[in-house]
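Comments concern the structure below.
The values are calculated or read from the model by the stated rules, or taken from the named source; none is laboratory data. Bear in mind the structure is a predicted one, so any value in this text is a computation, not a measurement. Cβ sites come from the backbone with ideal geometry, for glycine too, and all protein chains shown count toward neighbours.
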Amino acid sequence: MNKGLLSVDEALAQLLSAAKAVPDVEEVPTLEATGRVLAKPQRSTMDVPPMDNSAMDGYAVRLSDGNVLSVAQRIMAGAVGGPLAAGTAARIFTGAPIPPGADAVVMQEDCEVKGEQVILKKAPKPGEWIRRAASDIRKGGEILQAGKRLLPQDTGLAASVGIKTLPVYRKVRLGLFFTGDELVMPGEPLAPGRIYNSNRFTLRGLAETFGCELRDYGIVPDSLEATREVLRRAALECDLIVTSGGVSVGDADFVKPAVEAEGRLLMWKIAMKPGRPLAFGEVGKAFFIGLPGNPVSSFVTFLIFVRPFLLKTQGLKDVAPREIAARADFDWLQPDPRREFLRVKWNAQGGLDLYPTQDSAVLTSTAWADGLLDNPANQAIRKGDPVRYLPYAELYR
Ligand code: AMP
Ligand code: MG
């Protein structure tokens, strides 16, 4: 049934074997590094916490001194106390260093204060409410791995050990253009037979989501010369060129001959739905991926093929999305002989609902959905069946 068609996994393997990280690394302020891809592992030059400190507002005590103590000092966060004299307690606040000689902190709720004295209502356990030096991070330990997109908590972690700048891969320059004489932009009159260039919005949004430096060449007319001209220009300015439309083999499909004239091209018919035609090649120093024009197909093929290629080019090590085991709350009794990526949404009962129309021209399905169901070829689905779910949250990572 799928004779002559390439499987999704074969196409992905070929794409990923060609992709490699951009060669340039730049040093950026840690304050601006969220969203960038770390190029070198980071180690801590200090212990965290740097000293034993209190996890509570309360009193630092020595267990052997009993439960009636005189309060001899106050230690605020940022201050340093003196050694704990026999029979005394130190009033202490969260984050303040434990004074030498103390072996526990009693939280203030478990204390009674009488004048200069504190009475412990409960005997503390050894080490209670003390955060030990280096209990979080040891000096010399690796805190961040290379090839990771930095999340807010990662830059926070780097800052917590005093790292002021971070080495990151330079941003990938991604070029986009949209083929089709029928395309107009919102705001322009929609003459009969014309359609709005919705792919420009979807694909630009995806490029921005993945932190690319975007070059948008707009709408390119269905002509060989126009397509070749924009390809030549984009190849000088981009690491990767992604296009929509014109990759079928109709009369108005000029992407194939244009890329062949300016570089090298592989045309694939992929055993997937939506999707099928996909072009992969090189023009000058830039890679080229041509997506189908159908709005649902270009969205899904971007997520399945361009995303991992782009992520690897950005320097990410882990580019495969993790599929989640889920339950179908619907029947899908006429499966396609190609692997399908169905638009689904997670419901309050913990199962997946299916958008009723899975036509690849119905963009509404992608907006309604919160992810894709990855269904093997010829696999009928019955209510309650286990299925594999790719949430957008995972695909946008
Ligand atoms: P193509 O791959 O060029 O044959 O286009 C397939 C279908 O997608 C046609 O119905 C086109 O009108 C439509 N299409 C192509 N490009 C876009 C676009 N940028 N935005 C919305 N629809 C498009
Ligand atoms: Mg077209």
Could you please let me know if Asp136 is closer than 30 Å to Gly315 by Cβ and of a type outside the set (S, T, N, Q)?
yes
Filter region 263-288 for residues that are farther than 21 Å from Arg338 by Cα and under 28 Å from the mean Cα position of the chain (by Cα); which is surrounded by the fewest Cβ atoms within 10 Å (Cβ to Cβ)?
Lys285
For region 330-360, name all the residues that are in contact (Cβ under 8 Å) with a residue 60 or more places away in the chain, surrounded by fewer than 14 Cβ atoms within 10 Å (Cβ to Cβ) and closer than 19 Å to Ser298 by Cβ.
Asp359
Scan of region 290-308 for residues that are farther than 22 Å from Tyr196 by Cα and buried (at least 21 other Cβ atoms within 10 Å of the Cβ), ordered by number:
Ile304, Phe305, Val306
For region 174-181, does any single residue satisfy the condition of being within 15 Å of ligand 1 (Cβ to nearest atom), assigned to a loop (DSSP other than H, G, I, E, B) and out of contact with any helix residue (DSSP H, G or I) (no Cβ under 8 Å at 6 or more places or on another chain)?
yes
Sort out which residues of region 2-53 are in a helix (DSSP H, G or I), over 21 Å from Leu166 (Cβ atoms) and either under 20 Å from the mean Cα position of the chain (by Cα) or not β-branched (Val, Ile, Thr) (or both), and write them in order of number.
Asp9, Glu10, Ala11, Leu12, Ala13, Gln14, Leu15, Leu16, Ser17, Ala18
Check region 292-301 and report whether any residue there is modelled with pLDDT of 95 or more and more than 16 Å from ligand 1 (Cβ to nearest atom).
no
Say whether the condition of being within 16 Å of ligand 2 (Cβ to nearest atom) and under 20 Å from Pro295 (Cβ atoms) is met by at least one residue in region 222-237.
yes
Can you name the condition, by its number, that Pro186 falls short on among (1) at pLDDT 95 or above; (2) of a type outside the set (S, T, N, Q); (3) not in a loop (DSSP other than H, G, I, E, B)?
(3)
Which condition breaks for Ser64 when tested against (1) in contact (Cβ under 8 Å) with a residue 12 or more places away in the chain; (2) over 43 Å from the mean Cα position of the chain (by Cα)?
(1)
Only one of Val249, Val283, Val242 that is within 14 Å of ligand 2 (Cβ to nearest atom) and not small (Gly, Ala, Ser):
Val249
Quick one: which of Val300, Val319 is closer than 25 Å to Lys269 by Cα, β-branched (Val, Ile, Thr) and touching a Gly at 6+ places or on another chain (Cβ under 7 Å)?
Val300
